[in-house]
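S.K.: One structure is given below, represented as structure tokens, and several questions about it will come after.
The values are calculated or read from the model by the stated rules, or taken from the named source; none is laboratory data. Quick caveat: nothing in here was measured; it's all calculated off a predicted structure. Counting neighbours? That spans all protein chains shown, and the Cβs are built from the backbone with ideal geometry, glycine included. Note: accessible area is taken over every heavy atom of the protein model, side chains too, but ligands, DNA and RNA are not part of it. Shrake-Rupley method; radii C 1.70, N 1.55, O 1.52, S 1.80 Å.
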Amino acid sequence: MSSIQYLLKPHERDLGGFSVKRLLPSLPKQAVGPFIFFDHMGPSAQAPGEGMDVRPHPHIGLATVTYLYEGEILHRDSLGSVQVIRPGDVNWMTAGSGVVHSERTPPEARAQGQTLHGLQTWFALPREHEDTAPGFWHHPAATLPLLEEPGLSLRVILGTAYGQTSPVHTYGDTLYVAGELAAGASFEIPPEHAERGVYLASGSLEIDGVAIQPGQLAVLVPEVTVSVRATSDTRLLVLGGEPLDGPRYIWWNFVASSRERIEAAKQRWQAGEFPQVPGETERIPLPEK
């Protein structure tokens, strides 16, 4: 019997100069644990003078999680946060009742050119916290637990794994670990979390002997210990946690447990009632559909 419940393939999109592989939400699985949105961006080579410019846009009902392999992103939000994120760091932004943010290439990196490569996920907030106050937290790489063995490193980005707990505040049981494995290295994923998935960012690996292709997300069967083995130098993510407390509606950048919350957020953005991002004059208009 296979230890893989679903094997999700990416939907690739071009977001104006860099490619994105989207794994969640998917048709067979809206979320894995609390993770309802999963994007793998790049790697994308940006020539001097070029860069990423995601204009201010709103969120509700979720938390954004940004983790980079290469490059830099300048985060600004309506709370007044201004933060450059670099490889190995974590940016966690709780949207809650509503927040606006922009993501751009920092001026120095834009002038020099860079390669941008990383992961952006949305953490769906539990219903009791959907309207919580927004907040932003930055955690440098050095503050995150790192487990190292010959040919293997596991960085605990969120939640608890292998006896280590990330300092990033989350809601409920969470699993989010970045792994780097040399060819032939292996480790096990215990059944302590209700839902678990393994995303292969690069390289090649086997899950209990089943080969996984780069860009695929393997959703694991619950309640079994799973063995992961790299067959070449590999980067991967292990993610999951407790299931969502009910289905979610997703429209544009909004996540909510009811359509009414989505409609109210749409009207607020259209009417200019979300807070503004200091230092920004642009904004992404509400989509027509």
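S.K.: Taking residue 235 and the conditions (1) over 20 Å from residue 21 (Cα atoms); (2) in contact with a Leu (Cβ under 9 Å, 6 or more places away or on another chain); (3) open to solvent by 10 Å² or more (accessible area, probe 1.4 Å); (4) in contact (Cβ under 8 Å) with a residue 40 or more places away in the chain, which numbered condition does it fall short on, given that it satisfies the others?
M.R.: Here residue 235 meets the rest and fails (1).
S.K.: State all residues of region 253-271 that are open to solvent by less than 50 Å² (accessible area, probe 1.4 Å) and under 17 Å from residue 55 (Cβ atoms); if no residue qualifies, say none.
M.R.: Scanning region 253-271 gives 253, 254, 269.
S.K.: Among the candidates 82, 54, which residue alone is out of contact with any Pro (no Cβ under 7 Å at 6 or more places or on another chain), of a type outside the set (Gly, Ala, Ser) and at pLDDT below 95?
M.R.: 54
Table: residues versus (1) in a loop (DSSP other than H, G, I, E, B); (2) touching a residue at least 12 places away in the same chain (Cβ under 8 Å); (3) open to solvent by 30 Å² or more (accessible area, probe 1.4 Å); (4) among the hydrophobic types (A, V, I, L, M, F, W, C).
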{"site": "30", "(1), (2), (3), (4)": "yes, yes, yes, no"}
{"site": "45", "(1), (2), (3), (4)": "no, yes, yes, yes"}
{"site": "100", "(1), (2), (3), (4)": "no, yes, no, yes"}
{"site": "110", "(1), (2), (3), (4)": "no, yes, yes, no"}
{"site": "117", "(1), (2), (3), (4)": "no, yes, no, no"}
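S.K.: Looking at (1) out of contact with any His (no Cβ under 8 Å at 6 or more places or on another chain); (2) of a type outside the set (A, V, I, L, M); (3) surrounded by 15 or more Cβ atoms within 10 Å (Cβ to Cβ); (4) over 23 Å from residue 79 (Cβ atoms), which one does residue 163 not meet, given that it meets all the others?
M.R.: For residue 163, the failing item is (3).
S.K.: Consider region 181-191. How many of its residues are under 21 Å from the mean Cα position of the chain (by Cα) and either within 12 Å of residue 221 (Cα to Cα) or among the charged types (D, E, K, R) (or both)?
M.R.: Final tally of qualifying residues: 1.
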